[in-house]
Each structure stands twice: as C-alpha cells, then as structure tokens.
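Encoded as structure tokens, the structure appears first; notes follow it.
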Amino acid sequence: MKRILVCEDEEVIRDFVVINLKRAGYDVIDVSCGEDALRVFDEENGNFDIALLDIMMPGIDGFQVCKTLRKKSSTVGIIMLSAKTQEMDKVSGLMLGADDYITKPFSPSELTARIDAIYRRVSMSFQQEPKAPVIESGPFVLNLKSRTVSKNGKVIDLTQVEYQILEYFMNNQNTALDRSSILKHIWGDNYYGDDKIVDVNIRRIRMKIEDEPSNPKYIATIWGFGYKWSAGDGAEK
C-alpha cells in the first residue's frame, strides 16, 4: 500500500488533500503540526513512502520537519507545500532535502500527479535488480542494485533524486545535458514545476561530492544550457 504522511495545519486544506489522495489509492495518515509529524514518523518506524509538509506552521515548521526527516531517511519522498511563491521558499526546502514543492492553490490533478511522480521514484529504490552492475567514473562507483554512490570507497549520503541525477550523468560522460532533458528524465514528462529544481539539486549534489563546491571539478555548468559530468572514463561492469 502506498503510504503518505500529510502535515498541514489548515483543516480545510488538509481534508481536501486527504480525500483526493485516498481516492488516488494512498493510505494516508494526517497530522496538523510538525511535532505530531515527527512523532508519528517515529511511531511508524519511518514506514512512509512520501511526506507532504506544509511550510508555514506554528511551532516546528515544515522546513525543520523536512530537515529532520531527511536525516532519518534518504529514501522517503518529501514534498513541501506552501502558500508562498517566493523563490527563497522553494530553494530553502530543496536544499534541506525535499524532492519537490507545490504552491497553493493547486488542483487535485496537480497534487496527485506530483505525488505519483515522487512515489514512482521512491518505489524504484526497493526494486531488486537481477544483477549488480556498477558504473565507474573517476573516483566514483555507482551500484545499480544497492542504488548507492561512493567516492574513493566512501558511500555518499544521497536522496533518491540525487542518485538518479548522478546515474544520468555517469551514463552520459562528457556530454552537455540541457536542463529540460534532465528535468524530463528525472521528474517525468508531466512535471508541473519549473527547471529551477534542477539547479538546486545540482547545488546540493556539489556540496556532497565536490572538494570545492564553489569551484566544481566533476559537474561543470554550461552557461545558458545545462551541465556536463566529467570524472574520467565511465564503464559499466
């Protein structure tokens, strides 16, 4: 069963979200504050595929809940929900480990499409591969079965979105990839958001893999176009 934790302090919006997600086949647990979200997550041993978090809440806000949940789990999908349209809200949530954001007001179709897209990505992390091939690229080794990436033998703590981006890069060594192709490959054809989410995730990845994130060696920016991965010859085994 597809399980989702909904944390929204406005009852009308929370009821609207819960009704539509249940209609879409999700098992929903809803709470009205950040404190309860963290409590329920622990009580359920993190047994959720997705967490939908409102940003503006009294007490522990959505940003803090996101940060805490991401520390507890690298696989749970996290979507931020906000009435604000300011760019900084979007960037802040993504930098804390969120996979996507939805701006109020939103339609039932947008809500379910965005959540379905994240669920498909999360569910991939639990699928077993018949083999355990790896892709090597410079000091990096990507394991397709365990869905992990290591650098010089040390595993890097990645979200599923970050892992998928690195897999896409390593499969396209020294190839300039435009933002729209990255967006389509990772988030799907029907993504409602903008390509800013690509830039923020690249920034987050650089902070984890680069020796000097402000002077990246492996992920180069192709100004006005996108990004290029260069870390040595890649080979699948």
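Taking the numbered list (1) assigned to a strand (DSSP E or B); (2) crowded, with 23+ Cβ neighbours inside 10 Å in turn, D27 passes all entries but (2).
Inside region 61-78, residues that are under 21 Å from E11 (Cβ atoms) and either of a type outside the set (A, V, I, L, M, F, W, C) or at pLDDT below 95 (or both) make up a count of 2.
Just to be sure before I move on: is I182 among the β-branched types (V, I, T) and touching a residue at least 60 places away in the same chain (Cβ under 8 Å) in the structure I sent? Here the answer is no, as I182 does not meet what is asked.
Across region 32-48, the number of residues qualifying as of a type outside the set (S, T, N, Q), out of contact with any Ser or Thr (no Cβ under 7 Å at 6 or more places or on another chain) and part of a loop (DSSP other than H, G, I, E, B) comes to 3. Checking I50, I19 one by one, the residue that is within 27 Å of I202 (Cβ to Cβ) and either out of contact with any Cys (no Cβ under 9 Å at 6 or more places or on another chain) or touching a residue at least 60 places away in the same chain (Cβ under 8 Å) (or both) is I50 and no other.
The values are calculated or read from the model by the stated rules, or taken from the named source; none is laboratory data. A quick note: this is a predicted structure, and the numbers were derived from the prediction, not measured. So basically every Cβ, Gly included, is an ideal-geometry build from the backbone, and we count neighbours across all protein chains shown.
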